[in-house]
1. Return the FRET efficiency for the residue pair S438, R374: r is the Cβ-Cβ distance, R0 is 45 Å, and the value is rounded to the nearest 0.05.
2. Normalising by the residue count of the stretch 199-322, find the relative contact order in percent from Cα pairs under 8 Å and 6+ residues apart.
3. Could you check the simple spin-label distance between V216 and R126, using points 7 Å along Cα→Cβ, in nm with one decimal?
4. For the chain, what does the helix formula give at 222 nm: sum of -39500 (n - 2.57) over DSSP H segments with n ≥ 4, over the residue count, nearest 500 deg cm²/dmol?
5. Need one number: % antiparallel among DSSP beta bridges in the chain, to the nearest 5.
6. So, R0 is 22 Å and r is the distance between the beta-carbons of K511 and R531; what FRET efficiency does that work out to, to 0.05?
7. Once ligands and nucleic acids are excluded and a 1.4 Å probe is used, how much of M368 is accessible, expressed in Å² to the nearest 10?
8. When only Cα pairs under 8 Å and 6 or more residues apart are kept, what is the percent relative contact order across the chain?
Amino acid sequence: MDVKPRLRQALHRLPGMGDVSPGTDILAGLTLWGVLAPEALAYAGMAGMPVQAGLYTLLASLPLYFLLGGSPVMVCAATSSESIMMAAIVAPLAGGDPARYVALTALLVLCAGAIFLAAGLLRLGRVTALLSKPVMTGFIFGLAVYIAASQLHKILGLPRGHGDMFMQVVHLAEHMGNCNPVTMAVGLSALAMLFFFERFASRLPAGLFILVLGIVASRLFDLGPEFGVDTVQAFPAGLPSLAFPSVHAADLKALAPAAAGLALVAFSQALGAAEHSAARFGLRVEADRELTALGAANLGSALVGGILAGGSMSSTAVNVAAGARSKVSSGVAALMVGLTLCFFTPLFYGLPEAILGAVVMHAVARLMKVSEVRRYFRQSGYEFVLCLIALGGVVVLDILPGLMLAVFASLACLLFFASTIDLSVMGEIRDCGVIWVSARQHSRAREVPGIRVLRMEGALFFANAGKFQAAVMDFCTGPATPRALVLQLKANRRLCITSADMLLALARDLKKATILLAFADLAPDVAAMFRKNGMADLVGEDHLYDDIERAVTDIQDRLGMPRPDGPSASPPTSPPA
């Protein structure tokens with residue numbers, strides 16, 4: 001029996017598997033493992049946890065995302081920003097007790113995982129539609145700058161600064177005279193070689209080659225404390241044991257709000273990584289699936305004593321740059337992490353941190369889409385500004401405030417455009433039959449004398465209800481006051497109470513002005529609302545028509561208006577200024 005076709009068939013049954021290419025995927029997985037393993041140790045340290053907790057995280061997050069995630073190349077792993085945030089959240093509550101610190105961290109990861117899982121099951125991923133493409137581009141660009149800046153100290157051989165990105169950069173600038181020349185030579189050489197391979201030998205697994213070369217060079221020239229080069233240090237071997245975090249009401253109350261903010265940051269980065277890779281492979285991101293997968297990954301991480309796992313932008317970029325085409329690369333990386341914990345822990349000893357910094361910086365450089373930002377500038381000024389707000393928010397304010405600023409800017413634009421109204425005066429064209437079209441778009445269209453027909457272009461809701469009422473009254477006043485008004489609200493599947501009450505007030509005003517009001521093309525839910533709020537009684541149930549032509553014909557009969565056999569001679573009325 002041939003095992004390969006059966007295995008390939010089984011793999012393709014998994015969601016978001018991608019186009020399996022064993023050779024390139026395995027090489028990409030090895031490269032990913034080479035970056036992920038030492039990075040995980042560093043991120044665990046940044047989170048204030050034992051360094052092996054980073055590998056425990058990968059041991060849970062990579063396989064669970066492999067099974068449940070929707071992106072073929074996104075890497076579910078710890079990130080620097082989330083690790084720093086975890087330390088800031090847990091440290092004040094732990095009171096210097098290492099055991100309590102570990103317990104609180106596990107509970108924090110458990111809470112974040114539960115929030116992810118609940119959001120996915122409740123299908124809250126739809127809120128991501130509030131982030132437009134320019135906003136996501138700016139957010140990803142800002143994240144790339146943030147991540148690259150966080151790796152600079154490794155390249156320069158300086159200690160990491162405290163505070164936000166600007167404070168870290170200022171710290172590096174102030175200490176440039178203390179740069180380690182050997183570390184700089186290693187880091188800059190690695191970075192130059194990565195860009196060289198990308199330009200002239202893109203098919204080679206440059207990341208893996210650089211990592212192996214770095215380990216060999218480190219051991220050959222004895223790079224390390226003697227030369228002041230920071231390297232990966234020893235850490236305990238062995239697989240973790242499963243343990244459910246202890247849950248206390250007071251701790252849960254203190255950690256839950258922080259876990260929600262942490263989950264928001266992690267998901268925003270995951271969404272950015274997934275969107276970027278989806279665009280590259282022509283796929284569509286299912287936000288609810290991503291939420292569920294992240295929830296399962298973090299619940300698993302909490303059980304094995306790991307830290308928070310999100311969608312790692314830098315690791316995903318490394319995965320893609322290494323040639324990954326499917327989830328097989330993440331599966332290979334997960335397998336290698338397990339083997340590392342069991343057998344290969346000495347392999348990474350002595351790997352210069354500058355090499356890791358160079359690999360990450362090279363990977364995120366392609367996320368800084370300058371050409372895309374220029375395109376926004378040429379095509380849409382306000383969306384270019386939105387992109388810059390999202391980018392600048394992450395760079396200047398940090399990730400979570402930057403994300404909130406980007407969402408706020410998107411919502412503000414959404415409300416601005418949604419609150420504007422566009423009313424079309426409808427006219428009829430009589431050729432082989434009668435059709436009703438916008439008089440603004442069709443010069444042959446003519447209004448029926450004495451009857452004004454208006455169509456709302458877009459949905460009517462609370463934010464534009466007042467403007468709609470004022471605009472309709474403007475159309476119905478002046479020297480050419482109509483005897484009847486027909487409103488077409490075809491874009492409304494349903495009607496909010498604010499809009500329904502406004503229409504009721506409008507109907508009363510028109511009745512006082514002796515203008516007959518009718519409605520056409522009402523959705524069933526809108527007609528039901530009219531029956532509930534009294535509109536059907538006020539205008540008459542028989543004035544709720546199926547289409548404009550029936551409404552106009554019936555009104556002409558009711559008001560004793562003549563019906564012309566040919567085209568109406570009444571030209572369209574221009575909208576009021």
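1. The calculated FRET efficiency here is 0.80.
2. It rounds to 31 percent for the stretch 199-322.
3. The answer from the label model is 5.6 nm.
4. -19500 deg cm²/dmol
5. 55
6. 0.75
7. 60
8. Over the chain, the number comes to 21 percent.
The values are calculated or read from the model by the stated rules, or taken from the named source; none is laboratory data. Source: prediction; values computed, not measured. Positions of Cβ are generated from backbone atoms using ideal geometry, with glycine treated the same way; all protein chains shown enter the neighbour counts. Surface accessibility is based on the protein's heavy atoms, side chains included, excluding ligands, DNA and RNA. Shrake-Rupley method; radii C 1.70, N 1.55, O 1.52, S 1.80 Å.
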